[in-house]
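*Asks:* Shown below is the structure under consideration.
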Amino acid sequence: MFDAMIGRIIGSTNNLSDQMDQLRPDLSRESLGVGPDFPGIAPNPLMSSDARKRNAELRTGALALAVLVDWREVNSNPCVILMFDVETADGISFRGIADEGLTITELTRLAPGQTLPVRYRPAVMDHYVALARDADPAHVQQLSDEIARRKRT
């Protein structure tokens with residue numbers, strides 16, 4: 001009996017992502033618009049050491065511009081998952097996902113189609129991004145001009 005219980009527990013940890021998809025279908029890979037290689041969303045990013053490490057790395061990542069596609073509330077802190085269409089200075093485009101703690105004021109200002117600066121990890125390219133709250137407005141404008149110039153040619 002004990003072995004059967006351990007087998008179920010071990011088997012269930014292998015399918016944690018599947019369990020998350022059942023519990024929160026709005027946070028599934030399909031719903032977020034990312035492929036099967038996307039590592040998934042932590043139910044509570046503050047409790048996950050991997051998420052804390054990732055977010056620390058993202059804070060110093062490369063700058064890109066992102067158009068907000070949609071967002072989902074994860075908890076009432078409010079912690080939200082933001083979905084972006086990201087474009088980098090190198091011309092790479094991808095669906096980006098950010099888990100952010102926002103104030104109520106910031107939350108009420110979210111609107112699909114809004115362009116925001118984000119940071120990403122070029123060496124990893126795992127769909128994760130973070131809002132670039134510290135970005136210099138002049139650098140953001142320069143990046144925006146560079147992306148627009150590339151689209152015209």
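The values are calculated or read from the model by the stated rules, or taken from the named source; none is laboratory data. Keep in mind the model is a prediction, meaning the values are calculated, not measured. So basically every Cβ, Gly included, is an ideal-geometry build from the backbone, and we count neighbours across all protein chains shown. Please note that ligands, DNA and RNA were not included when accessible areas were found on the heavy atoms of the full protein model with its side chains. Shrake-Rupley method; radii C 1.70, N 1.55, O 1.52, S 1.80 Å.
*Asks:* Per residue, how many Å² of accessible area does the stretch 104-153 show with a 1.4 Å probe?
*Replies:* 65
*Asks:* Next question, about the same structure. If I take every Cα pair under 8 Å that is 6 or more residues apart in the stretch 83-153, average their sequence separation and divide by the length, what percent do I get for the relative contact order?
*Replies:* Taking the mean separation of contacting Cα pairs over the length of the stretch 83-153, I get 31 percent.
*Asks:* Please report the carbon-and-sulfur percent of the accessible area for the stretch 92-153; probe 1.4 Å, protein heavy atoms only, DNA, RNA and ligands left out.
*Replies:* Reported share for carbon and sulfur atoms: 55 percent.
*Asks:* If the label point is 7 Å along Cα→Cβ of residue 90, which residues in the stretch 107-139 have backbone nitrogen under 15 Å from it?
*Replies:* 119-128
*Asks:* Assuming 0.36 nm per residue, please report the length gained on full extension of the stretch residue 106 to residue 123 beyond their Cα-Cα distance.
*Replies:* My answer for the length gained is 3.1 nm.
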